[in-house]
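Student: Here it is, the structure, as structure tokens.
The values are calculated or read from the model by the stated rules, or taken from the named source; none is laboratory data. Owing to the predicted nature of the structure, the values given are computational and were not obtained by experimental measurement. As a convention, Cβ positions derive from the backbone with ideal geometry for all residues, glycine included, and neighbour counts pool all protein chains shown.
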Amino acid sequence: MNDQAMNSASAKGTGQDLMETVRSSLSDYKTWLPEVALYGGVAFLVGFLVKNFWRFIILSSLVILTVVLLLNFTGVMTVTLQQVMTTINVTDVTTVQELYTAVIGWSKTHVIGAVSMVVGFLVGWKLG
């Protein structure tokens, strides 16, 4: 066999393996359907609310950020990244780079959930 025929045969095998993987994943829908429904539904709601109330959300966020920075600057309260991460229950992250890496790692582990979040947000934004 020549190289082109071998490459064609291996590509067909890879495509068949991919289709078999997709079929097995779709047949096991009971494990990922709740994840898709939950993440997609929450993202839809967030997209819908952001589209309709973006001015209020941005203004409120800026006011809260300004108050917290002012309180931190005057010494009334101290805010550190470690305190923020502990508050949102992400204790193994100490830097912003580690947070980014953790989000990317979660997205790679939960591909279906991440895709449903993006699709849900975009549909909510469009319908909002």
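Student: Among the candidates Val76, Val118, which residue alone is of a type in the set (A, V, I, L, M) and closer than 27 Å to Val50 by Cα? Walk me through it before giving the result.
Tutor: On the way: Val76 fails: closer than 27 Å to Val50 by Cα.
Result: Val118 is the single residue among Val76, Val118 that is of a type in the set (A, V, I, L, M) and closer than 27 Å to Val50 by Cα.
Listed here are the residues, each with its yes/no results for (1) surrounded by 14 or more Cβ atoms within 10 Å (Cβ to Cβ); (2) touching a Phe, Trp or Tyr at 6+ places or on another chain (Cβ under 7 Å); (3) among the hydrophobic types (A, V, I, L, M, F, W, C).
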| position | (1), (2), (3) |
| --- | --- |
| Val36 | yes, no, yes |
| Tyr39 | yes, no, no |
| Ile64 | no, no, yes |
| Leu71 | no, no, yes |
| Thr78 | no, no, no |
| Tyr100 | no, no, no |
| Gly105 | no, no, no |
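Student: Tell me, yes or no, whether the range 106-124 has at least one residue that is hydrophobic (A, V, I, L, M, F, W, C), modelled with pLDDT under 80 and in a helix (DSSP H, G or I). Break it down stepwise before answering.
Tutor: Keep residues of the range 106-124 that are hydrophobic (A, V, I, L, M, F, W, C), which gives 106, 111-112, 114-115, 117-119, 121-123.
Still in the list and also modelled with pLDDT under 80: none.
No, there is no match, as no residue in the range 106-124 is hydrophobic (A, V, I, L, M, F, W, C), modelled with pLDDT under 80 and in a helix (DSSP H, G or I).
Student: Here is a follow-up. Look at Ile64 and say whether it is in a helix (DSSP H, G or I) and closer than 22 Å to Leu122 by Cα. Can you show your working first?
Tutor: On the way: in a helix (DSSP H, G or I): yes; closer than 22 Å to Leu122 by Cα: no.
The answer is no for Ile64.
Student: Separate question: Would you check if there is a residue in the range 40-59 being out of contact with any helix residue (DSSP H, G or I) (no Cβ under 6 Å at 6 or more places or on another chain), modelled with pLDDT of 80 or more and basic (Lys, Arg)?
Tutor: Within the range 40-59, one or more residues are out of contact with any helix residue (DSSP H, G or I) (no Cβ under 6 Å at 6 or more places or on another chain), modelled with pLDDT of 80 or more and basic (Lys, Arg).
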